[in-house]
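Here's the structure, in structure tokens; my notes come after.
The values are calculated or read from the model by the stated rules, or taken from the named source; none is laboratory data. Note that this is a predicted model, so its numbers are computed, not measured. Because the Cβ atoms are built from the backbone with ideal geometry, glycine has one as well, and the counts that use them run over all protein chains shown.
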């Protein structure tokens, strides 16, 4: 990706609504553009991050044996009447067609997936069944705030599991919990697994996944040495107590909710009469679980947890590119050398963002820090004379000179 070929640019001005760190930095770096409160356009660099996160999540869901589908966001009112949630979910966007029919824009998909699965499940032999999607959701938030952390339009991965027994549902629930932790860790986040209330979804067992950051809205009682955590509102422990899992000392901290899982029981299968025939030939209710990750919210949480006063610091696994190549100078020799390095790295399969603008070194370096890509390589006429390339990692202030012949191998060993 060449800077000269994308229309989005860095900017020093941001909206007055951008009070959160993620909103300010994502907009300033040209990763997103705010359309209105709670609604953003994902620009090329931001979209690359979002896609990388969603691919990690997709891979972890596939390891669970889940099948990916894509459900409609436009949902008929009668589905929501069936579950008695048309009036019960206050964030539901409602609209009326010119045909006179009422619809909702999906903030969740239990009302779609349950009747969908009913069409295909008849016998115990059809279960268990696990399906998921990565889709755009809509919530009529009264006050959309905190950048991409709380939006009216946002991206989410939601997965639904269907089971014959509570034992089978509970076993899969634990597998999904572990897959969630792996996905967050692969995205560069350490999370706490917090037991929580299911709210409007269910009154059964549920867990939240909280990323630790001072920007968090939730106060947690958590362990510094393992994944244990509790929301302070329902906590059975207090700061200073020993952790029930590893016996380390619990502390009070803040977190951002980046996902949740629910044991739905028969809440939705009751509403839609989703049954199966068991081995004795009797009809029985299907048990359900629901598992959500806000993938666009996750982008904001990672920025909140990983930045400094210069800009964002992206983990290698989700960065829009591994290498930020900076060319200093417009002379033919520098241009040719930087172009050649760009082609070499890309030819070897590495993602590269190439700042090929005619701009000062200072502005290019400032933009590189703001964008936060893991490795910065600089090519200049002075370095060409020494046959070296300057190497800098975003997590360090150290500058190194790498022999030009060793650049590819060094990038490969640091990928």
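Matching residues to (1) on the phi < 0 side of the Ramachandran plot; (2) surrounded by 19 or more Cβ atoms within 10 Å (Cβ to Cβ); (3) in the same structural domain as residue 115 (by TED's automatic domain parsing):
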| position | (1), (2), (3) |
| --- | --- |
| 32 | yes, yes, yes |
| 46 | yes, yes, yes |
| 57 | yes, yes, yes |
| 62 | yes, no, yes |
| 65 | no, no, yes |
| 71 | yes, no, yes |
| 74 | yes, no, yes |
Original post:
Checking residue 41 against (1) within 20 Å of residue 318 (Cα to Cα); (2) more than 17 Å from the chain's Cα centre (by Cα); (3) without any contact (Cβ under 8 Å) to a residue 60 or more places away in the chain, which single condition isn't satisfied?
Top reply: (2)
Original post:
Does the range 238-250 contain any residue that is surrounded by fewer than 14 Cβ atoms within 10 Å (Cβ to Cβ) and in a strand (DSSP E or B)?
Top reply: yes
Original post:
Can you tell me which residue in the range 206-237 is modelled with the highest pLDDT, limited to those that are buried (at least 18 other Cβ atoms within 10 Å of the Cβ) and over 26 Å from residue 21 (Cα atoms)?
Top reply: 207
